[in-house]
Amino acid sequence: MIEVENLTKRFPTQLAVSDVSFSVKEGEIVGFLGPNGAGKTTAMRVLTGFLPPTSGTARVAGYDVVTRSEQARASLGYLPESAALYPEMRVREYLAYRARLEGVRGAEVARRVREAIDNCLLEEVADRKVENLSKGFRQRTALAGALVHRPPVLVLDEPTVGLDPMQIIKIRETIRLLGRERAVLLSTHILPEVDAVCDRVLIIDRGSIVAEGTAAELRSRLAGAPVVRASFAGQIEARDTLAGLPGVTSVSETSADGETRVRLECAARADPREEVFRTAVARGWILRELVLESVSLEDVFVRLTRHEEIAPAPAPSEDTVGEAAGEAPEEIPS
């Protein structure tokens, strides 16, 4: 559904995207992550036809976004971070307008509008003016506008930014539902959203893809670089002392409510807990907690965008090779 091969976008003073390749299949939701200035937005603008690539190719539903741009755009639903809505229109009117813009005609307009309202759970506000909607309903209306022409591909840029927790839950549920029959590329800065919604993750930094895989796969690649969390009674100065322990690469420290909490990032396969315990005993610190943290997607993201090494992706197994050769892969529970 989405195929990007060796995509490069160069501006006069900047190489924004460098030789990027990835794909998104039908029925798959892929998270697209990257710090500000990483090239994420540029790549999405090329994919959605707003910018031409310098070199390489991007295809949507099999259509090249340059040589067959009209067909590619017709196959794509795009939700930008700040979607333009018409406040004076009612939701139903706005969706009908969007459908006609996308070439839907006659009685089919009403059918598509009905379908978009159902998919995005807009029934209770379908006859309200957009200007009277909550931010959550406005975002759902914008999403409905992106899919009213039944595109097989959705590109969503920060779809939950600025929403309250309940609104976020509703939008995520909608995206999961839509992703069952579409290829969805989801750009977000909210890392728990990736765990909640996405089947796979792409991380881009400095214009290049630096990691790709499921969230579990990326966490497992960082599992050799542990994080230890400790807390001590009272306010103590522990940071400099613990930073000098073998295997500790960085220490952060906070004090609140009569307690000092530290977080130790460690070198691969290091476990300084015993040394932390000994240091606490030697200095008379009252140790309340000493925990080896599980690796989060945030840890992976931070280390990669700091340009710290993580373990390479595992070599293809016999099952993977068989799948590439055309054998049916064994299903893995999600």
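The values are calculated or read from the model by the stated rules, or taken from the named source; none is laboratory data. None of the values given here were measured: they were computed from a predicted structure. For neighbour counting, all protein chains shown are included, and Cβ atoms are generated from backbone atoms with ideal geometry for every residue, glycine included.
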Report summary line: Taking the range 81-99 and keeping residues of a type in the set (A, V, I, L, M) and part of a helix (DSSP H, G or I) leaves Val91, Leu95, Ala96, Ala99
Report summary line: Filtering the range 1-36 down to residues that are under 15 Å from Arg59 (Cα atoms) and of a type in the set (A, V, I, L, M, F, W, C) yields Met1, Ile2, Val4, Leu7, Val20, Phe22, Val24
Query raised in the report: In this structure, is Val227 at pLDDT 95 or above and β-branched (Val, Ile, Thr)?
Result: no
Report summary line: Picked from the range 65-81 (must be farther than 17 Å from Glu26 by Cα and in contact with a helix residue (DSSP H, G or I) (Cβ under 7 Å, 6 or more places away or on another chain)), the residue surrounded by the fewest Cβ atoms within 10 Å (Cβ to Cβ) is Leu79
Query raised in the report: Does Val104 fit the bill of being of a type in the set (A, V, I, L, M), outside any helix (DSSP H, G or I) and over 22 Å from Leu186 (Cβ atoms)?
Result: yes
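Quick one: which strands (runs of 3 or more DSSP E) lie wholly within the range 1-56 and hold at least 2 residues that are modelled with pLDDT under 95 and not assigned by TED's automatic domain parsing to the domain that holds Pro152?
Values: elements: 2-11, 14-24, 28-33.
Fully inside the range 1-56 and qualifying: nothing.
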**Report entry** Filter pass, Arg73 being in contact (Cβ under 8 Å) with a residue 40 or more places away in the chain and under 25 Å from Ala99 (Cβ atoms)
**Finding:** no
Query raised in the report: For Val262, are the conditions met, namely being over 15 Å from Arg288 (Cα atoms) and touching a helix residue (DSSP H, G or I) at 6+ places or on another chain (Cβ under 7 Å)?
Result: no
Report summary line: Restricting attention to the range 237-252, the residues that are over 10 Å from Cys266 (Cβ atoms), out of contact with any Phe, Trp or Tyr (no Cβ under 8 Å at 6 or more places or on another chain) and either among the small types (Gly, Ala, Ser) or touching a residue at least 60 places away in the same chain (Cβ under 8 Å) (or both) number exactly 3
Requested in this report: Among residues belonging to the range 168-222 that are in contact with an Asp or Glu (Cβ under 6 Å, 6 or more places away or on another chain) and assigned to a strand (DSSP E or B), point out the one that is modelled with the lowest pLDDT.
Outcome: Ser187
Query - Selection from the range 224-249 of residues that are in a loop (DSSP other than H, G, I, E, B) and either of a type in the set (Val, Ile, Thr) or surrounded by 15 or more Cβ atoms within 10 Å (Cβ to Cβ) (or both) - result: Ala225, Pro226, Ile236, Ala238, Leu245, Gly247
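Could you look through the range 23-39, keep only residues that are out of contact with any helix residue (DSSP H, G or I) (no Cβ under 8 Å at 6 or more places or on another chain) and crowded, with 19+ Cβ neighbours inside 10 Å, and pick out the one that is farthest from Gly179 (Cα to Cα)? Spell out the reasoning first.
Filtering the range 23-39 for residues out of contact with any helix residue (DSSP H, G or I) (no Cβ under 8 Å at 6 or more places or on another chain) gives 23-28, 30, 36-37, 39.
Narrowing the set further to residues that are crowded, with 19+ Cβ neighbours inside 10 Å leaves 24, 30, 39.
On the way: Val24: 11, Val30: 10, Gly39: 24 Å.
Here the answer is Gly39.
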Report summary line: Restricted to the range 180-199 and to residues being more than 19 Å from Leu79 (Cβ to Cβ) and touching a helix residue (DSSP H, G or I) at 6+ places or on another chain (Cβ under 7 Å), the residue surrounded by the most Cβ atoms within 10 Å (Cβ to Cβ) is Leu191
Query raised in the report: From Leu202, Leu147, which residue is among the aliphatic types (A, V, I, L, M), surrounded by 17 or more Cβ atoms within 10 Å (Cβ to Cβ) and in contact with a helix residue (DSSP H, G or I) (Cβ under 7 Å, 6 or more places away or on another chain)?
Result: Leu147
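Is there a residue being under 18 Å from the mean Cα position of the chain (by Cα), closer than 18 Å to Ser75 by Cβ and not basic (Lys, Arg) anywhere in the range 29-42?
In the first step, residues of the range 29-42 are kept if they are under 18 Å from the mean Cα position of the chain (by Cα); the result is 29-42.
Keeping just the survivors that are closer than 18 Å to Ser75 by Cβ gives 29-30.
Still in the running and not basic (Lys, Arg): 29-30.
Yes, that holds for at least one residue.
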